[in-house]
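Notes for the one structure printed next.
The values are calculated or read from the model by the stated rules, or taken from the named source; none is laboratory data. None of these values were measured; they are calculated from a predicted model. Here the Cβ is made from the backbone with ideal geometry for all residues, glycine too, and neighbour counts use every protein chain on show.
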Amino acid sequence: MALVVLLTGVNVGVHRTFRPSVMAKELKLDVTSIGAAGTFVVRQPISRTKLREDIMRRLPFAADVMICGGWNTILRIAKALEETGLQSRRRLIDGDRSARSIRRRHA
């Protein structure tokens with residue numbers, strides 16, 4: 001299962017800046033950096049503890065690191081879209097139902 005990593009308060013103005021794309025390469029995992037905000041998708045199996053340690057060791061400053069399973073992220077996005085009433089929520093929610101049934105079959 002993929003992990004989603006979110007770093008808070010990084011690359012804001014000139015403080016606490018780093019290059020996420022460089023870190024993604026340095027991690028030597030199957031990692032994709034999404035934009036400059038410190039969001040990563042890690043597809044290679046790794047424990048959350050080891051991943052957090054690897055990220056914190058490479059950051060030149062202290063930061064809050066949140067690591068979620070891929071399915072948890074999809075559920076949170078779908079719920080947030082449903083609560084805000086956005087039109088695009090239907091596709092994510094329907095996709096989430098399919099994802100849950102697939103996950104149950106493969107569990």
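If I ask for residues that are hydroxyl-bearing (Ser, Thr, Tyr) and either crowded, with 17+ Cβ neighbours inside 10 Å or under 15 Å from the mean Cα position of the chain (by Cα) (or both), which ones from the range 16-38 would you list? Talk me through it step by step, then tell me what you get.
In the first step, residues of the range 16-38 are kept if they are hydroxyl-bearing (Ser, Thr, Tyr); the result is 17, 21, 32-33.
Result: SER21, THR32, SER33.
Search the range 54-77 for residues being out of contact with any Gly (no Cβ under 8 Å at 6 or more places or on another chain), closer than 16 Å to VAL4 by Cβ and of a type in the set (A, V, I, L, M, F, W, C), and hand back the single one that is surrounded by the fewest Cβ atoms within 10 Å (Cβ to Cβ). So that I can check it myself, show each step before the final result.
Just the residues of the range 54-77 that are out of contact with any Gly (no Cβ under 8 Å at 6 or more places or on another chain), to begin with: 54-62, 65-73, 75-77.
Restricting the remaining residues to those that are closer than 16 Å to VAL4 by Cβ gives 54-55, 65-73, 75-77.
Still in the running and of a type in the set (A, V, I, L, M, F, W, C): 55, 65-68, 71, 75, 77.
Working: ILE55: 21, VAL65: 19, MET66: 11, ILE67: 18, CYS68: 16, TRP71: 15, LEU75: 17, ILE77: 14.
The residue in question is MET66.
Could you check the chain for helices (runs of 4 or more DSSP H) lying wholly inside it with 2 or more residues that are in contact with a strand residue (DSSP E or B) (Cβ under 8 Å, 6 or more places away or on another chain) and at pLDDT below 85? Break it down into steps so the answer makes sense when it comes.
Values: elements: 20-26, 48-58, 70-84, 89-106.
Hits in the chain: 70-84.
Filter the range 11-23 down to the residues that are under 22 Å from GLN44 (Cβ atoms) and aliphatic (A, V, I, L, M) and list them by number.
Within the range 11-23, the subset under 22 Å from GLN44 (Cβ atoms) is 18-23.
Those that are under 22 Å from GLN44 (Cβ atoms) and aliphatic (A, V, I, L, M): VAL22, MET23.
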